[in-house]
Structure formats: structure tokens, C-alpha cells
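The values are calculated or read from the model by the stated rules, or taken from the named source; none is laboratory data. On a predicted model such as this, the values are computed, not experimentally measured, just so you know. Quick reminder, even Gly has a Cβ in these numbers, built from the backbone with ideal geometry, and neighbours come from all protein chains shown.
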Amino acid sequence: MKPNKALSLMAGLTLAAISFSGCSVVSKEVVDCPQITALPEAAEAFIKTDALGHLVDVRFNGVSTSCTKKRNGKINMQVAAGLKAVRTFADKGEADVAIVSMAMAILGPDDKVVSNEAFGYRIGFGKGVRANYPIAEFDFVVDADQRVVLMLTPTL
């Protein structure tokens, strides 16, 4: 019976080795990300909270990216845009929510807009909380020679 045990163990190890070697085929190629910037005049916006109408000053607070190459040569950009949102209130500062309107434009090598998209991000403020530092995460696909511009859009 001992030879069968050794054979079973060897077959199990071989199967495990084949399974783990397949993982490298599935992993994506990490590449440098195209340039991503924020327009200076659109890096800050003023909005109001939904229920109480508190004024909120929102600005970008850093951006990080991670990029992988797709099979067709395009680049999948995963973006984490840090925000700093500070609300002003004279009362007790009851809990409230604000919607931050954001937009992004993808520019070609000639600096002409290839595509653009607008989207919103919800920020919750707890009771008595003046500042919040959320991270808005999103992803999109670009060509290697394109660049991305982020913007905050005011809603007042």
C-alpha cells in the first residue's frame, strides 16, 4: 500500500503545481499610467448638503492610480481620488449628505477631447462632523498616448 500512497501524493503535487502555474497566465501586466491632472480652476467646488443646505467646500486631496494593459493594447486605469470636504454650520450640525459632482475628460495627443463623463459621489456627514476625507474610486480605459483631466463641478 505504500507505493500507492506515494503515487497519490506525487499526483496531488503535480496537479497543484499545474494549478498554480496557471495563475501567472491570468495575471495582468502592470504598466505606467497615462498622465492624470486636475484643472486648477476646477480642483475646488462649493456645494450644499441635501437636507439642511449647509455649505460644503470640496477640493481634491491627492490622486493615486493603478494601471494594467488590456489584450487590445489599451490601458485600464483604476483611480482613487482623495477629497477634502468641509461643511459650514451654525447649529448643532445634524447628520446630512452632500452630492459631489465630478467630471473627467480624456484628451488625445493633440489635446482634443476624445471623451468625457460626468458622475456624482455621495458624502455623508455625521452629527457635529465638519470635515470628511472620502476617496472616490472609479476606473476607465484609455489609449497609452491619451491623458485624463479631472474636475469638480459646483452645484450652487
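Points to keep in mind about this one:
- The range 87-124, subset among the acidic types (Asp, Glu) and not in a strand (DSSP E or B), residue farthest from Thr155 (Cα to Cα): Asp110
- Given (1) under 30 Å from Thr49 (Cβ atoms); (2) buried (at least 18 other Cβ atoms within 10 Å of the Cβ); (3) over 18 Å from the mean Cα position of the chain (by Cα), index of the condition Leu107 fails: (1)
- Candidate set from the range 21-44 (those that are part of a strand (DSSP E or B) and more than 17 Å from the chain's Cα centre (by Cα)); member that is modelled with the lowest pLDDT: Glu29
- Inter-residue pairs, beta-carbon under 9 Å, first among the charged types (D, E, K, R) and in the range 95-107, second part of a strand (DSSP E or B) and surrounded by fewer than 19 Cβ atoms within 10 Å (Cβ to Cβ), 6+ apart: Asp96/Gly124
- Some residue of the range 42-62 being closer than 12 Å to Ile123 by Cβ and surrounded by fewer than 14 Cβ atoms within 10 Å (Cβ to Cβ): yes
- Odd one out for Thr88, checked against (1) modelled with pLDDT of 95 or more; (2) within 13 Å of Pro134 (Cβ to Cβ): (2)
- For first residues located in the range 62-78 and without any contact (Cβ under 8 Å) to a residue 40 or more places away in the chain and more than 15 Å from Asp145 (Cβ to Cβ), partners that are part of a loop (DSSP other than H, G, I, E, B) and not charged (D, E, K, R) and lie 6+ apart or on another chain with Cβ distances below 6 Å form the pairs Thr65/Cys33.
- Boolean, Ala51 is part of a strand (DSSP E or B), farther than 21 Å from Gln146 by Cβ and of a type in the set (Gly, Ala, Ser): no
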